[in-house]
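This report refers to the structure that appears directly beneath it.
The values are calculated or read from the model by the stated rules, or taken from the named source; none is laboratory data. In this text, all values refer to a predicted model and were calculated from it rather than measured experimentally. Glycine also receives a Cβ, built like all others from the backbone with ideal geometry; neighbour counts cover every protein chain displayed. Only protein heavy atoms, including side chains, enter the accessible area calculation; ligands, DNA and RNA are left aside. Shrake-Rupley method; radii C 1.70, N 1.55, O 1.52, S 1.80 Å.
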Amino acid sequence: MSGRVLVVDDSKVIRQLIRVNLELEGFEVVTAVDGAECLDVVHRARPDVVTLDAMMPRLDGLRTAERLRADPRTRHLPLALVSACTELEGGGGVGSPHGVDAFLAKPFEPAELVRLVRRLLQGRREDGGHGAGASGSLSAGDSRGVGDPRGAGDPRGAGDPRGAGDARSAGDSRTVGDSARADDSLSAGDSLGAVSETVEP
């Protein structure tokens, strides 16, 4: 299954990490640095799924989701909120008419992100391009077994060696990086740590 994903996050490193993991699975990836740029890019890129960081300058993830839902052209676009603020999963917009279709808590395993995007894309196709819908809201952990960090559907093991162009080193089983900063650069062999969200005052 392939498709186009718009990744919206103000951290350059996290955008790169998400791009690498999705492109490894055959997805085409377009990025935006915040909600304001997302609203500009979405009509040109015409993505199948959008992932939104919760805390971003100019326009945050929930307000971006509300505007996408208010626009007839993007009303049914599957949206996933990615955030360390887990309280957002239980009532901060997930599953509501003006909210998002899914929630992914930071830190997360790369396989969780891929699995979630696939499920949203599958739901969109099964629904004739109308997205997962409010009644179909989900989280990345829905399909995982207890204690399984990658999920039964993931064909890769934690020690699967990667090609030289991959941002992850061979055998790296850690989750995506808590020391990521917006001005960091990413090179081959960098390891992925836990994604955390820094809320600026």
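Among the residues of the range 53-69, is there at least one that is farther than 22 Å from Cys85 by Cβ and surrounded by fewer than 17 Cβ atoms within 10 Å (Cβ to Cβ)? Walk me through it before giving the result.
Of the range 53-69, the ones farther than 22 Å from Cys85 by Cβ are none.
No; the residues of the range 53-69 include none that is farther than 22 Å from Cys85 by Cβ and surrounded by fewer than 17 Cβ atoms within 10 Å (Cβ to Cβ).
Being in contact with a helix residue (DSSP H, G or I) (Cβ under 9 Å, 6 or more places away or on another chain) and of a type in the set (S, T, N, Q) is the filter; apply it to the range 12-35 and report the residue that is surrounded by the fewest Cβ atoms within 10 Å (Cβ to Cβ). Walk me through it before giving the result.
We begin by selecting, within the range 12-35, every residue in contact with a helix residue (DSSP H, G or I) (Cβ under 9 Å, 6 or more places away or on another chain); these are 17-18, 20-22, 24-25, 27-35.
Going one step further and asking which of them are of a type in the set (S, T, N, Q), we end up with 21, 31.
Values: Asn21: 23, Thr31: 20.
The qualifying residue surrounded by the fewest Cβ atoms within 10 Å (Cβ to Cβ) is Thr31.
Which one is surrounded by the fewest Cβ atoms within 10 Å (Cβ to Cβ) among residues in the range 75-113 that are modelled with pLDDT of 85 or more and more than 25 Å from Lys12 (Cβ to Cβ)?
Arg75
Which of the residues that make up the range 36-47 are open to solvent by 40 Å² or more (accessible area, probe 1.4 Å) and either modelled with pLDDT under 95 or part of a helix (DSSP H, G or I) (or both)?
Glu37, Leu39, Asp40, His43, Arg44 - these are the residues of the range 36-47 that are open to solvent by 40 Å² or more (accessible area, probe 1.4 Å) and either modelled with pLDDT under 95 or part of a helix (DSSP H, G or I) (or both).
For the range 1-35, which residues satisfy the criterion of being charged (D, E, K, R), in contact (Cβ under 8 Å) with a residue 12 or more places away in the chain and in a helix (DSSP H, G or I)? Spell out the reasoning first.
From the range 1-35, those charged (D, E, K, R) are 4, 9-10, 12, 15, 19, 23, 25, 28, 34; that's our starting set.
If we keep only those that are in contact (Cβ under 8 Å) with a residue 12 or more places away in the chain too, we end up with 4, 9-10, 12, 15, 19, 25, 28, 34.
Those that are charged (D, E, K, R), in contact (Cβ under 8 Å) with a residue 12 or more places away in the chain and in a helix (DSSP H, G or I): Lys12, Arg15, Arg19.
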